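Working notes for the structure below.
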Amino acid sequence: MRVWIHAVLAAALVGVCSSPARAQPYEAVGTRAQGLGGAFVAVADDATASWWNPAGLATGAYFSAILERGRTTEPADPDDTPDAAARRLATGGFSIAFPALGVSYYRLRTSEIGAALTTAPATDSRQDTEGGSRAARSFRYSQYGATMGQSVGNHIVLGSTVKLIRSGTRSGTVLAAGGLLDEVDDISAPMRTRVGLDAGAMASFRVMRVGLSVRNLKEVDVGSDEDPLRLKRQARVGVAFFGGKRGVLEAVTLAADADLTRTQTPSGEVRRVASGAELWLFARRLGVRGGVSASAVGDRRPVVSAGLSVAPLAGVYVEGAWSEGRDRSLRGWTTSLRMTF
């Protein structure tokens, strides 16, 4: 019990710290989460709770399994001007969850270009000094997770995900011409193994839940000695309200999230706030959702999201989500196959 208390206290203390964190965004995983605009910390009732909020495992169905993949590009149409920055994040993986136990595997590949990315001499060069070149970074990340939850009284659940991380990063240069991010995808990176820890808490009160999630409670060095990169602590808080059946409307969820820490991106620091709604219709054979998010610091960078779930069989869902930023500043999609019983 004391270990759980320490984890919650550490999570709470993150709220007072607003230092920038270099980390994978919460929205990198989860089709339903992306459809809700990233407002999922207090919802987290499927197997992606292992990523979003480990305490959420106890709030969902008895069994949940998800196979997913997705991609986000920021900006949606990268250009090749010397000072422009861009990032592409490709994700894939699966997760399986029971009420108090989950296992997961996520694979993320981040390709970045920008004038200030290189932290070490180029180790993989594709430059043409006559045609110009751009700084680039390739980051590979695989996470094997084991998630456990524990109830504390009648209203509170605490959870944690222990992560075995295989990762690597390498900086280099690419030609300042079309297809820059495709070139960065080809840069190989030496891999290293580390152990990480995420923690979360969920409080339930009738039709309302409040969630707190802390990723990288144990900060992790994921780069190499020549090209260091550290995943710093991230924290997000959320609230969700749930409504019951009315006619063809089976259930409704309203949710809102807010980052407590800043995340560093190639385009600058962000601290996202998000809100979204999810409707289930026709005995949960159809789910529709939408959301919006923006940064609370710097450029607002608003993003609108939408998602859909269709159940051809009871408990089996084909799901998709789409996100688009203002002025085409971001574009992302994700698809998944989800089974829940």
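Please enumerate, by chain and number, the lysines with C-alpha under 18 Å from the C-alpha of residue 232, excluding those fewer than 8 residues away in the same chain.
The qualifying lysines are 163, 218.
Picking from 216, 197, 253, whose Cα lies most toward the positive end of the charge dipole for region 184-253 (charges on Cβ: Lys, Arg +1; Asp, Glu -1)?
It is 253.
So, R0 is 35 Å and r is the distance between the beta-carbons of residue 188 and residue 148; what FRET efficiency does that work out to, to 0.05?
With a Förster radius of 35 Å, E is 0.50.
How far, in nm, would the chain grow between residue 341 and residue 299 when pulled straight, counting 0.36 nm per residue and subtracting the alpha carbon separation?
Full extension from residue 341 to residue 299 adds 10.9 nm.
Could you sort the peptides 29-41, 198-210 by per-residue average Cβ neighbour count (10 Å cutoff), highest mean leading?
Top of the packing list down: 29-41, 198-210.
Residue 245 to residue 333: FRET efficiency via 1/(1 + (r/R0)^6), r the Cβ-Cβ distance, R0 30 Å, to the nearest 0.05?
Efficiency computed from Cβ-Cβ geometry: 0.45.
Just to confirm the filter: which trypsin sites (Lys or Arg not before Pro) across region 246-341 are DSSP coil and have at most 16 other Cβ within 10 angstrom of their Cβ?
Taking region 246-341 and a limit of 16 other Cβ atoms within 10 Å, the loop trypsin sites (Lys or Arg not before Pro) found are 284, 285, 300.
Taking the Cα-to-Cβ direction at residue 218 and at residue 63 and moving 7 Å from each Cα, how far apart do the two end points lie in nm?
3.1
Could you give the length gained on full extension between residue 326 and residue 283, defined as 0.36 nm per residue of separation minus the Cα-Cα distance, in nm?
12.0 nm
For residue 313 and residue 166 in one chain, what is 0.36 nm times their gap in residues minus the Cα-Cα distance, to one decimal in nm?
So the chain would gain 49.3 nm between residue 313 and residue 166.
Each reported figure results from applying straightforward, stated rules to the coordinates on display, with no laboratory input. Computed from a predicted structure; not experimentally measured. No Cβ is skipped: glycine too gets one built from the backbone with ideal geometry, and neighbour counts run over all protein chains shown.
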